[in-house]
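The values are calculated or read from the model by the stated rules, or taken from the named source; none is laboratory data. Note that the structure is a prediction, hence the values are computed from the model and not measured. Here the Cβ positions follow ideal geometry from the backbone for every residue, glycine too, while neighbour counts run over all protein chains shown.
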Amino acid sequence: MTDKPKKALVIGGGIAGLTAAWELAQSQVDVELVEKSPFLGGHSISYCCKATDECVKCGACSVDKMLAQVVSEPRINVTLGAAVAKVDKGGKFTASLDVAPAYIDAEKCDNCGECFQEFRNTGAVVRGYSKNNTPLYAICADAAKDVDAAKLAGVCPKGAINLDAKATKKKINADTVVVATGFTPFDATKKPTYGYGVRDNVITGMELEALIRQKGQVVRPTDLNPPAKTAFIQCVGSRDARLGNLWCSQVCCAYGLRMARKIKYANPEAEVKVFYMDIQSIGKNFPAFYTQCKEELGFVRNIPVDVYPEEEGRMRLSYADEDTGERKDEIFDLLVLSIGITPGEDNAQVAELFSLDQDQDGFLVEKGEGVFLAGTAAGPKNIPASMAQAGFAASEALKYIGVTK
Ligand SMILES: Cc1cc2nc3c(=O)[nH]c(=O)nc-3n(C[C@H](O)[C@H](O)[C@H](O)COP(=O)(O)OP(=O)(O)OC[C@H]3O[C@@H](n4cnc5c(N)ncnc54)[C@H](O)[C@@H]3O)c2cc1C
Ligand code: SF4
Ligand code: SF4
């Protein structure tokens, strides 16, 4: 008689959870992958390719590749819209899940997008970023309360929308757990002097990623024209004693500079200036990359404190000249806030459910006992580092359950 395959529970379907699930499945372990949102891929599924005339190794495309592998791997079973409510541990782990209603039937939906076309302005139907997510669309229950329910239910030509779908409960037994619940992007409204959420042409690095991914270029939100002058402010929400966020987020220099160069590459006439404290190295090719950046971009070693509104949606930045210390004012069309990585919003609850610790900043820390951490749940890191740590977590989980690779 052959042994029953071992089972692993992976919590979080970002790049770290996807990688851990994939690695475990390659060792013939059955995997239950639980994701709380309606889509797999986490934050980085919305990121853009930052290539100029060559690949700049930003890692963004590796997320879609891993997602495609995971959804076609028969050993991985995915539950979307699911939250772990309780975990019992008696030798094995038994997780009780609350699963949100599946208003769009994945079997019937063929991703035609008619529901999204019709309801996109209401927020009742949202679209994911990758066609490897099926369905590519989801119903947002809160926004759907404000639209004509009969019209929404009837909009799908395949009859895939069922607004009467109910929440369900599910129990999963597993031999080991990988927690990959990721991070929360810094909320830029906590730095109110930058005017985020008040001025339309102040956007975050996360929004710029999605903008370039969706539109293929950078345009100002207010007039959809390419900005002639763009400023990036680095370290927004990181290395900030007033906020109590003392850590470096590790990723925002890399994504900020790569996107700044992409703007310049698309429009060589455009001016792009980066306001920074220190530039974090982004790997072994960093010196050559930084030299290129310095040739193409402006750098000011000072973080502006105040942003003032100007005509036609422009912003005036006030900062101290790094040589003379004199106050300078400069007007920009677009302001990008390079927001950082903060601890996942569910960390306290996840720590309690899976008997993990939290460090002084709130990131998760392993305590052994069959639960392993992957990706930014354990602290700031980029996509390749999240994937590497997920591979390591999967190896440790395999060791714990006695499976050899
Ligand atoms: C603005 C910005 C731009 C960036 N650009 C780059 C870049 O170009 N290149 C690069 O290498 N890195 C970049 N990074 C870093 C990159 O985002 C991370 O390395 C990567 O997303 C980490 O993946 P993760 O799986 O750890 O976390 P996440 O992407 O946060 O995924 C975690 C997943 O877990 C789910 N989840 C959370 N809590 C629960 C729960 N309780 N139950 C079930 N599921 C849960 C979430 O919904 C999410 O799907 C950037 C970061 C920022 C902030
Ligand atoms: S997404 Fe990033 S790593 Fe992939 S091709 Fe584009 S620049 Fe290169
Ligand atoms: S990576 Fe760069 S922008 Fe981000 S916190 Fe560190 S030094 Fe600041």
Scanning segment 252-269 for residues that are hydrophobic (A, V, I, L, M, F, W, C) and closer than 20 Å to GLU54 by Cα, the one farthest from ligand 1 (Cβ to nearest atom) turns out to be ALA266
Exercise for the section: Restrict the check to segment 389-405 and report whether at least one residue is in contact with a Leu (Cβ under 8 Å, 6 or more places away or on another chain), among the hydrophobic types (A, V, I, L, M, F, W, C), assigned to a strand (DSSP E or B) and not assigned by TED's automatic domain parsing to the domain that holds ASP223. Expected result: no
Checked against (1) outside any helix (DSSP H, G or I); (2) within 29 Å of VAL78 (Cβ to Cβ); (3) not assigned by TED's automatic domain parsing to the domain that holds GLU32, LYS171 satisfies every condition except (3)
Exercise. Looking at SER281, is it touching a strand residue (DSSP E or B) at 6+ places or on another chain (Cβ under 7 Å) and in a loop (DSSP other than H, G, I, E, B)?
Worked result: no
Counting only residues that are surrounded by fewer than 21 Cβ atoms within 10 Å (Cβ to Cβ) and of a type in the set (Phe, Trp, Tyr), segment 351-405 contains a total of 2
For GLU369, the lone unmet condition from (1) out of contact with any helix residue (DSSP H, G or I) (no Cβ under 7 Å at 6 or more places or on another chain); (2) assigned by TED's automatic domain parsing to the domain that holds VAL274; (3) at pLDDT below 95 is (2)
Exactly one of VAL84, VAL63, VAL78 is more than 10 Å from ligand 1 (Cβ to nearest atom) and buried (at least 16 other Cβ atoms within 10 Å of the Cβ), and that one is VAL78
Across (1) in the same structural domain as VAL177 (by TED's automatic domain parsing); (2) crowded, with 17+ Cβ neighbours inside 10 Å; (3) among the small types (Gly, Ala, Ser), ALA124 clears everything bar (1)
Over segment 361-389, the set of residues more than 16 Å from ligand 2 (Cβ to nearest atom) and over 23 Å from PHE186 (Cβ atoms) is GLU366, LYS367, GLY368, GLU369, GLY370, VAL371, PHE372
Of the residues in segment 45-55, those that are buried (at least 20 other Cβ atoms within 10 Å of the Cβ) and either away from ligand 3 (no atom under 16 Å from the Cβ) or in the same structural domain as ILE282 (by TED's automatic domain parsing) (or both) come to ILE45, SER46, CYS48
Looking across segment 275-326 at residues that are on the phi > 0 side of the Ramachandran plot and exposed (fewer than 14 other Cβ atoms within 10 Å of the Cβ), the single one that is modelled with the highest pLDDT is GLU312
Being more than 16 Å from ligand 3 (Cβ to nearest atom), touching a residue at least 12 places away in the same chain (Cβ under 8 Å) and over 30 Å from VAL84 (Cα atoms) narrows ILE331, ILE279 down to just ILE331
Flag for GLY13 being within 16 Å of ligand 2 (Cβ to nearest atom), within 20 Å of GLY128 (Cβ to Cβ) and assigned to a loop (DSSP other than H, G, I, E, B)
no
Picked from segment 22-43 (must be within 16 Å of ligand 2 (Cβ to nearest atom) and crowded, with 24+ Cβ neighbours inside 10 Å), the residue nearest to GLN250 (Cα to Cα) is GLY42
Just one listed residue, out of LYS50, LYS57, is touching a Lys or Arg at 6+ places or on another chain (Cβ under 7 Å), closer than 30 Å to PHE289 by Cβ and of a type outside the set (A, V, I, L, M, F, W, C), and it is LYS50
Residue hits (segment 319-361; acidic (Asp, Glu), in a strand (DSSP E or B) and either within 20 Å of the chain's Cα centre (by Cα) or assigned by TED's automatic domain parsing to the domain that holds PHE372 (or both)) are ASP357
